[in-house]
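Enquirer: Pasting a structure here, questions to come.
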Amino acid sequence: MPRSATTSRSSRSGTSPLLVVFLALVLLPSYATAFFEQFFQQQHAQQQAPQRPPSWDEQLESVPCHDYVCPDLSCAPTPADCPCPSRMDEKCILPDATGTGHEAYVCTRDCSKVSAAMHAFR
């Protein structure tokens, strides 16, 4: 009886390493291939990331303007000629208080309040 137990144990241990080697030879290449394919697909996706939007300087250089470039990238002879950022605002031209000949402006919803404030400080 001890002999048969030894025989069955040796037969299991004899086929087990062969089975492990066989499975390793069959399965490892497919797992390795899948791993490297996924790795290189991620690398390729990272290389084709979406382009970043152009910076303010890059946008400014693309405007064909010889005078003044407004914040909305339109061209105007002077800053006072630029449109207000909001369509609901109106442009209130302020008199030249410095004597330089350059007018200033304020975009507001009510120019009468700006005029009243200007008269209060005179």
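Enquirer: For the peptides 25-36, 106-117, what is the packing order when you average, over each peptide's residues, the other Cβ atoms within 10 Å and list the highest mean first? Kindly include the intermediate steps, with their values, before the conclusion.
Expert: Numbers: 25-36: 9.7, 106-117: 12.6.
My ranking of the peptides, most packed first, is 106-117, 25-36.
Enquirer: A follow-up question, please. With a Förster radius of 25 Å, plug the Cβ-Cβ distance of Ser62 and Ala117 into 1/(1 + (r/R0)^6) and report the FRET value to the nearest 0.05. All intermediate terms of the calculation are to be shown ahead of the outcome.
Expert: On the way: r = 38 Å, r/R0 = 1.53.
Taking R0 as 25 Å, the efficiency between Ser62 and Ala117 is 0.05.
Enquirer: Using 0.36 nm per residue, how much length does the chain from Ser16 to Ile93 gain when fully extended, once their Cα-Cα distance is taken away?
Expert: Values: separation 77, 0.36 × 77 = 27.72 nm, distance 9.26 nm.
Gain on stretching Ser16 to Ile93: 18.5 nm.
Enquirer: How long is the gain from Arg52 to Ser74 if the chain were fully straight, where each residue apart is worth 0.36 nm and the alpha carbon distance is subtracted? Walk me through the numbers before you get to the answer.
Expert: Details: separation 22, 0.36 × 22 = 7.92 nm, distance 2.24 nm.
Going from the current span to full extension adds 5.7 nm.
Enquirer: So how far apart, in nm, are the two label points at Tyr31 and Arg109 if each is 7 Å from Cα heading toward Cβ?
Expert: Here the answer is 6.7 nm between the modelled labels.
Enquirer: Hey, what do the phi angles of region 110-115 turn into as Karplus ³J(HN,Hα) couplings, whole Hz, using 6.51/-1.76/1.60 and θ = phi - 60°, x for Gly and Pro?
Expert: Working through the residues one at a time gives 8, 5, 5, 5, 5, 4 Hz.
Each value in this text was obtained by applying a stated rule to the coordinates, not by laboratory testing. Just so we're clear, the structure is a prediction, and the values are computed from it rather than from any experiment. No Cβ is skipped: glycine too gets one built from the backbone with ideal geometry, and neighbour counts run over all protein chains shown.
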